[in-house]
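The structure appears right after this line, and notes come after that.
Derivation of every value follows stated rules applied to the coordinates shown; laboratory data play no part. Since the structure is predicted, the reported quantities are computational estimates derived from the model, not experimental observations. Cβ sites come from the backbone with ideal geometry, for glycine too, and all protein chains shown count toward neighbours.
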Ligand code: G3P
């Protein structure tokens with residue numbers, strides 16, 4: 001499973017890269033707003049740092065403006081993946097992007113039926129939002145499992161990008177389900193390292209090492 005960092009924060013992206021756990025980046029308008037920086041400045045910094053796919057989201061709701069923004073975003077570089085909402089206009093734009101060779105990430109997916117039509121529109125990635133379904137007492141991970149199965153049934157090339165991952169179990173369950181990509185904030189990446197038995201074991205090794213006589 002590829003690891004994308006779900007962030008527009010340059011320091012967080014640098015840290016994920018240093019850890020070897022940044023195969024790409026996903027952003028959204030909320031994450032860009034959190035940086036307090038202009039969109040162009042954020043894009044320039046991310047694209048200078050990262051070699052893998054970088055998802056940048058359109059902010060228009062209508063097809064013509066989405067396509068204008070999609071072409072503008074793609075002009076920043078071949079690694080740009082245009083993020084489109086799962087709406088009628090979004091999927092129309094997805095189809096046109098496919099025809100024009102522009103990679104897409106269809107976002108805000110909350111049902112298998114939405115994922116099926118996104119694949120038929122030629123989406124490069126589909127982003128099911130696991131945590132937000134959990135938030136409303138629905139099993140978000142079963143959506144990832146269903147999409148993986150549907151795509152395998154028909155050999156769709158669309159990659160399942162498990163998003164809105166909030167904790168390590170979401171990451172593990174996404175991997176077990178066969179998601180191609182998991183995108184997560186740096187805080188979740190850092191949680192993946194943690195185990196109390198590692199800390200306890202390491203402390204014992206360090207304590208015992210002090211007992212080893214010097215030559
Ligand atoms: O990038 C979209 C998604 O990952 C957002 O996650 O935690 O805001 O639901 P969250």
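Could you tell me the distance between the Cα centroids of region 19-34 and region 134-161, to the nearest Å?
21 Å
Report the FRET efficiency, 1/(1 + (r/R0)^6), for residue 75 and residue 132, where r is their Cβ-Cβ distance and R0 is 41 Å, rounded to 0.05.
Values: r = 31 Å, r/R0 = 0.76.
The formula returns an efficiency of 0.85 here.
If the chain between residue 199 and residue 37 were fully stretched, how many nm would it gain, using 0.36 nm times the residue separation less the Cα-Cα distance? The partial results should precede the final answer.
On the way: separation 162, 0.36 × 162 = 58.32 nm, distance 3.80 nm.
My answer for the length gained is 54.5 nm.
Just want to confirm a number: the relative contact order over the chain, from Cα pairs under 8 angstrom separated by 6+ residues, in percent. Before the final figure, lay out the partial values.
Working: 370 pairs, mean separation 37.8, N = 215.
Relative contact order of the chain: 18 percent.
For a quick protection proxy, order the peptides 204-212, 155-163 by their average other-Cβ count within 10 Å, most packed first. Provide the component values of the computation, followed by the final result.
On the way: 204-212: 8.1, 155-163: 22.1.
So the peptides 204-212, 155-163, ranked by packing, come out 155-163, 204-212.
Roughly how tilted is helix 196-209, in degrees to the nearest 10 and between 0 and 90, from the longest Cα axis of the chain?
In the chain, helix 196-209 runs at an angle near 30 degrees to the longest axis.
For 202, 86, which order do you get if you count the other beta carbons within 10 Å of each Cβ and list the fewest first?
Ranked by crowding around the Cβ, least crowded first: 202, 86.
When the expected Rg is taken as 2.2 N^0.38 Å, what fraction or multiple of it is the alpha-carbon Rg of region 1-54?
Working: Rg = 10.2 Å, N = 54, 2.2 N^0.38 = 10.0 Å.
The reported ratio for this selection is 1.02.
Using alpha carbon coordinates only, what is the Rg to Rh ratio of region 55-144, with Rh defined as the Kirkwood radius? All intermediate terms of the calculation are to be shown ahead of the outcome.
Working: Rg = 13.0 Å, Rh = 13.1 Å.
When Rh is taken as the Kirkwood radius, the ratio is 1.00.
Could you tell me the extents of region 117-158's C-alpha atoms along the three principal axes, largest first, rounded to whole Å?
Sorted largest first, the three principal extents are 30, 17, 12 Å.
Quick check on region 1-97: what does the Kirkwood estimate of hydrodynamic radius come out to from the alpha carbon pairs, in Å? Could the numbers behind the result be given before it?
Numbers: mean 1/r = 0.0730 Å⁻¹.
That comes to 13.7 Å for region 1-97.
With r as the distance between the Cβ atoms of residue 206 and residue 175 and R0 = 35 Å, compute the FRET efficiency 1/(1 + (r/R0)^6) and round to 0.05.
Values: r = 32 Å, r/R0 = 0.90.
That gives a FRET efficiency of 0.65.
May I ask for log10 I(q)/I(0) of region 2-210 at q = 0.08, 0.14 Å⁻¹, from a Debye sum over the Cα atoms as equal point scatterers with solvent left out?
Calculated log10 I(q)/I(0) at the listed q: -0.29, -0.81.
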